[in-house]
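Enquirer: I'd like to ask you about the structure that follows.
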Amino acid sequence: MIPLWMFLLVAAALFCIGAYGVLSRRNAIAILMGVELMLNAVNINLVAFWRYLTPLNMSGQAFAAFVFVVAAAEAAIGLAIIIAVYRNRRSVVVEDVNLLKW
Amino acid sequence: MLEINGQTIAFFVFSVFILGGALGVVTSHNLIHSALYLILSLFGVAGFFVLLSAPFLAAVQVLVYIGAIAILIIFSVMLTRSMTALRQVRNQQWWLALPVVVLLFALLAVGVILPVWGAEGLIGSEPVSDIVATTADLGVALVDGNQYVLPFEVASVLLTAAMIGAIVVARDDE
């Protein structure tokens, strides 16, 4: 079977690409997509460790399922906030949302 | 070394899906293209779950991520007209972000993954057992009083709260 480190390497690369998306994009929706990529990298890690180290204990899959729940809640709330901000300021660029910035 | 069989080929194909899709997400100028690349990447992750013998999570990945979250993202791209309004895709710090994430990846790969799990004969070159817990075990674990019933209920409250919150925040109250 494929060794564990290959899964971990792909997950690490996915996490770093997602982090780059979060740090470098201006559009709030693109930033949310970067966060989704990072959450997926975490899920790959959880399931890979579960499969290779404790395949009879359900903790890895259960935690991955909770990550799904949190990701769905985060996407719904994040996009609702983006739409509310767009309605008020006609912009989805995060640098334009500066009312609380001193 | 790695023998070439169906599993290895599937692993590399899904890796290409995941990483290529992710690169497309962060570099596309058109956000609709970004969202479609995101779907490709999420599909690759679902393939990884199948390879790791977690079929339920693969199905949930397709249903929840591709079916709900990606479609939600496409809807909000359309609602906010963000693919036409933006000429400049990256902010001023992107040149700083690039070396930071490359350094982070190098640190993770060289510092953690390869020394701990990469060497021959150490943990993780093969799974500890070929017997794998099934979807039925996951279902029992999520509602078992000794395991995850409390996080499970908290997660359902979180989802309800998020749904109501999203409706309230996005509602047009005029």
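Enquirer: Residue by residue, what Karplus-based ³J(HN,Hα) values in Hz, rounded to whole numbers, does segment B:15-26 have, using 6.51, -1.76 and 1.60 with θ = phi - 60° and x for Gly and Pro?
Expert: 4, 5, 4, 5, 6, x, x, 5, 5, x, 4, 7
Enquirer: If all Cα-Cα distances of segment B:1-89 are sorted into 10 Å bins from 0 onward, what percent lands in each bin, rounded to whole numbers?
Expert: 18, 40, 27, 12, 3, 0
Enquirer: What are the ³J(HN,Hα) values, in whole Hz, obtained from phi via the Karplus relation 6.51 cos²θ - 1.76 cosθ + 1.60 with θ = phi - 60°, for each residue of segment B:141-149 in sequence order, with x given for Gly and Pro?
Expert: Karplus-based 3J(HN,Hα) across segment B:141-149 equals 4, 6, 10, 6, x, 8, 10, 10, 6 Hz.
Enquirer: Can you give me the three principal axis dimensions of chain B from its C-alpha atoms, in Å, biggest first?
Expert: Principal axes ranked by extent give 63, 46, 29 Å for the Cα atoms.
Enquirer: Got a sec? Which residues in segment A:73-87 would a label at A:L100 touch, if it sits 7 Å along Cα→Cβ and we count backbone N under 19 Å?
Expert: Flagged as within label range: A:74-87.
Enquirer: Further question: Quick one: if you stick a label point 7 Å off each Cα along the C-beta vector at A:R87 and B:N5, how many nm between them?
Expert: With each label point 7 Å from Cα toward Cβ, the separation is 5.6 nm.
Enquirer: With +1 on the Cβ of every Lys and Arg and -1 on the Cβ of every Asp and Glu, and nothing else charged, how large is the dipole of segment A:4-96 about its Cα centre, in debye rounded to the nearest 20?
Expert: Using Cβ point charges on Lys, Arg, Asp and Glu, segment A:4-96 gives about 180 debye.
Enquirer: Something else about it: Dipole of segment A:4-96 (Lys/Arg Cβ +1, Asp/Glu Cβ -1, origin at the Cα centre): which of A:S91, A:A12, A:V22 lies farthest to the positive side?
Expert: A:S91
Enquirer: Same structure again: Where in chain A are there trypsin sites (Lys or Arg not before Pro) that are in a DSSP coil and have at most 10 other Cβ atoms within 10 angstrom of their Cβ?
Expert: Numbers: sites: A:R25, A:R26, A:R51, A:R87, A:R89, A:R90, A:K101; in loops: A:R26, A:R90, A:K101.
Here the sparse-neighbourhood loop sites are A:K101.
Enquirer: Next question. How large is the Kirkwood hydrodynamic radius of chain A, in angstrom, based on all distinct alpha carbon pairs?
Expert: 15.3 Å
Enquirer: Please give the contour-minus-distance gain from B:E126 to B:L103: 0.36 nm per residue of separation, less the Cα-Cα distance, rounded to one decimal in nm. If you can, show how the numbers build up before the last one.
Expert: Details: separation 23, 0.36 × 23 = 8.28 nm, distance 2.89 nm.
Between B:E126 and B:L103, full extension yields 5.4 nm more.
Enquirer: Nearest 500 deg cm²/dmol is fine: what mean residue ellipticity at 222 nm does the protein assembly as shown get from its DSSP H runs of n ≥ 4 alone, each adding -39,500 (n - 2.57), divided by its residue count?
Expert: Details: 11 runs with 186 residues, N = 276.
That calculation yields -22500 deg cm²/dmol at 222 nm.
Enquirer: Collect residues whose amide H, placed 1.01 Å from N in the peptide plane, falls under 5 Å from the amide H of B:L52; neighbours closer than 5 in sequence don't count.
Expert: none
Enquirer: Which value, in Å³ per residue, describes the convex hull spanned by the Cα atoms of the protein assembly as shown?
Expert: Enclosed volume per residue, from the Cα hull, is 145 Å³.
Every read-out reported here was derived from the displayed coordinates using simple, explicitly stated rules and does not represent laboratory data. Since the model is a prediction, treat every value here as computed from it, not as a measurement. Because the Cβ atoms are built from the backbone with ideal geometry, glycine has one as well, and the counts that use them run over all protein chains shown.
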